[in-house]
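Every number here is computed from the coordinates shown, using simple stated rules; none is lab data. Given the structure is predicted, the values throughout are model-derived calculations rather than measurements.
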Amino acid sequence: MLKRRKLNFAELLKENKEEIMKDKALLENIEKRLEEKATLQNRKNN
């Protein structure tokens, strides 16, 4: 039973890490788009 719990916990950690990596990629994408938008806005204002 303890081994099964450890396995379940390990699986949950793995899934959690995968979700975090997806979220990180999305956030990096958003950050990149915001930087591009700011650059375009700066060009427009100058």
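A few points about this structure:
- Degrees, to the nearest 10: 2-45 long Cα axis against longest axis of the chain: 0 degrees
- Convex hull volume of the chain per residue (C-alpha atoms, cubic angstrom): 30 Å³
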